[in-house]
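Laboratory data are not the source of any read-out in this text; all were calculated from the coordinates shown. Given the structure is predicted, the values throughout are model-derived calculations rather than measurements. We place every Cβ from the backbone using ideal geometry, glycine too, and count neighbours over all the protein chains shown.
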Amino acid sequence: QVQLVESGGGLVQAGGSLRLSCEVSGRPFSNFIMGWYRQAPGKEREFVATISRGHTQTKYADSVKDRFTISRDNAKNTLYLQMDNLNPEDTAVYYCAARPGPLVLVGGPYDYWGQGTQVTVSS
């Protein structure tokens with residue numbers, strides 16, 4: 001059974017930084033294309049970033065480009081999202097997602113989801 005567990009969320013002031021982590025278990029992490037999504041109160045879940053199995057390909061939502069960085073450590077079975085220069089519009093529950101796929105592709109649809117971690121940015 002594949003499990004995804006996010007951590008690293010919290011409360012931060014505008015302009016600050018946070019790093020989210022997502023630990024994957026149950027199947028080899030290196031087999032998965034990975035992604036981050038978020039859902040703000042009253043809004044639909046939206047795409048944030050995605051990364052290929054081999055680290056070489058990434059893609060970001062325009063709203064986070066140049067502020068967020070997605071990365072992965074296949075030896076630690078962990079996905080990361082470094083979030084810098086946060087603003088109140090980034091407040092949301094952040095979810096990681098996984099799907100098996102080819103080595104150099106990115107994106108969904110995803111088969112597995114974590115439970116989410118809350119990020120709150122105060123002004």
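Overview of results
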| quantity | calculated |
| --- | --- |
| Shape parameters for the range 50-101, alpha-carbon atoms, Rg then Dmax in Å | 11.9, 34 |
| Loop-exposed trypsin sites (Lys or Arg not before Pro) per DSSP, neighbour cap 13 Cβ within 10 angstrom, longest uninterrupted part of the chain | 77-123 |
| Cleavage-rule hits, GluC sites (Glu not before Pro), the range 1-94, DSSP coil, Cβ neighbours within 10 Å at most 10 | Glu44 |
| Dimensionless Rg/Rh of the range 24-72 - Kirkwood Rh, Rg from C-alpha atoms | 1.03 |
| log₁₀ of I(q)/I(0) at q = 0.10, 0.17 Å⁻¹ - the chain, Debye sum with one point per alpha carbon | -0.26, -0.77 |
| 10 °C / 1.306 mPa s Stokes-Einstein diffusion coefficient of the range 1-49, Kirkwood radius on C-alpha pairs, µm²/s | 122 µm²/s |
